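Some notes on the structure that comes next.
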Amino acid sequence: MTTTITETEARDRVEGYVRAVFAVLPAPAARELFSRNRSECTDPTDNGPAGRYEISATYEVTGLEPDTFKAQFDAVVDWWQGHGFTVLTDRRPTDQYVFARNERDGFDMSLQANELGKLYLGATSPCVWPKGTPEAAPEAVVEEEEVAEAPEPERPRPRRAPVDDEDFGQTSWSDGGAAF
């Protein structure tokens, strides 16, 4: 259980990577926040303990024409390769999607365009402890055993009076069998 950067530092680094990559795009480009997430690492890639979070942000890149996306992808991939990122997935030209990881700090980035002519740039942190260190485990509370009281013994059901065959049809079975 090693220390990590804090959640705040992870958020700052995610935003820093997005700003740095965004700077390689041409001047008409603008960005609008699409999503910002804090997700618990339920299946961390490093098989670490629970209680850590991934911090991510995705921006829609606006102001660029879809016919320029190829050049934008090339510029982003070049920036990544010059700044410690390794491209792990490149689905071009079939799909407009690239995914890279920074080998020094474990941050991921992606660039994706869709058939609607929209372009998205995102970054995600590795799993981090909210405060940079694991939370102290709560001390185990020893509960005193409760002494279970013995249940009261079941009382025998009162037996109904014997019924003669001729009185059978006139017996009320709901009140224990007393004859009318």
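The values are calculated or read from the model by the stated rules, or taken from the named source; none is laboratory data. All values reported here derive from a predicted model rather than from experimental measurement. Note that we place each Cβ from the backbone using ideal geometry, even for glycine, and neighbour counts take in every protein chain shown. Each accessible area value is taken on the protein alone, full model and side chains, heavy atoms only, with ligands, DNA and RNA left out. Shrake-Rupley method; radii C 1.70, N 1.55, O 1.52, S 1.80 Å.
Table for the structure above
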read-out	value
Failed item in (1) among the aliphatic types (A, V, I, L, M); (2) without any contact (Cβ under 8 Å) to a residue 40 or more places away in the chain; (3) under 26 Å from T3 (Cα atoms), with A123 passing the rest	(2)
Residues of segment 66-85 classified as without any contact (Cβ under 8 Å) to a residue 40 or more places away in the chain and open to solvent by 40 Å² or more (accessible area, probe 1.4 Å), total	6
Within segment 13-26, tally of residues that are in a helix (DSSP H, G or I) and either surrounded by 14 or more Cβ atoms within 10 Å (Cβ to Cβ) or of a type in the set (A, V, I, L, M, F, W, C) (or both)	8
Scan of segment 32-48 for residues that are surrounded by 12 or more Cβ atoms within 10 Å (Cβ to Cβ) and part of a loop (DSSP other than H, G, I, E, B), ordered by number	C41, P44, G48
Cβ pairs under 7 Å, 6+ apart, first in segment 33-50 and more than 16 Å from V18 (Cβ to Cβ) and modelled with pLDDT under 95, second open to solvent by less than 50 Å² (accessible area, probe 1.4 Å) and among the charged types (D, E, K, R)	C41/R52; P44/R52
Any chance A57 is in a strand (DSSP E or B), in contact with a Lys or Arg (Cβ under 8 Å, 6 or more places away or on another chain) and of a type in the set (G, A, S)	yes
Positions within segment 106-126 being on the phi < 0 side of the Ramachandran plot and either at pLDDT below 95 or not in a strand (DSSP E or B) (or both), in sequence order	F107, N114, E115, L116, K118, S125, P126
For A29: the one exception among (1) farther than 30 Å from K131 by Cβ; (2) open to solvent by 30 Å² or more (accessible area, probe 1.4 Å)	(2)
Test: residue in segment 86-93 that is within 30 Å of T133 (Cβ to Cβ) and either open to solvent by less than 80 Å² (accessible area, probe 1.4 Å) or assigned to a loop (DSSP other than H, G, I, E, B) (or both)	yes
